[in-house]
Amino acid sequence: MSFKMQCPKCKGLDYSIERDNRTFGAVAQAFELVFHCRCGKQMFGEQILKEYEAQKREWESDTDRDDSASEQPERRSQREAREQLEQVFEATRQQETATTPAPAPEPAAAPTPAKAAAPKKASAPKAAKKASAKVEPAAGAEPCAWPGCENPRRKNSKYCSRACSNKNARHRHKLRAKKDDDGDAASA
């Protein structure tokens, strides 16, 4: 784990260290630094460097003590416990598979009438979806303004859907672009 300085007031990591933009110089100097934390703590210049170095020394001394033999046995014991759990899990799984009888293989016979009827049922909804896609306009309802679309138009609209409106807009744009190209060619 790498060292990360904490706010000295709240011990949080949600802070920023920025360069004061009112100073001018090619190289950032320590006196130009400003520390801002969400808790309201502010530090300037050399204070930041002193706090950083103090926290880093403390962190290094803690990691030196933690790296001693106390951490290694904990990791070993955790690994051994995990291996034991995996062995127990594997043994219970093997017992479950041994106690459950293997399913008998089904004989490969000719399809029964119920199985043969299933695909016909699946094709019927597809035909219904295709039929429902083309909605016949109700009596007195006007058809969509897009040529080739026979769906009834929506309330307060010339089109049945946003898609037909967009198709018409694209078509008109192409016609205008084509007209502009013909006008440019005639003037040249």
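For the reader, a short list of remarks on this structure follows.
- Residue under evaluation Arg153, criteria (1) surrounded by 10 or more Cβ atoms within 10 Å (Cβ to Cβ); (2) modelled with pLDDT under 90, criterion not met: (2)
- Matching option when the condition is at pLDDT 70 or above and either touching a helix residue (DSSP H, G or I) at 6+ places or on another chain (Cβ under 9 Å) or in a helix (DSSP H, G or I) (or both), among Ala118, Ala163, Ala124: Ala163
The values are calculated or read from the model by the stated rules, or taken from the named source; none is laboratory data. Remember, predicted model here, so these are calculated numbers, not experimental data. All Cβ positions, even for glycine, are placed from backbone atoms using ideal geometry, and neighbour counts span all protein chains on display.
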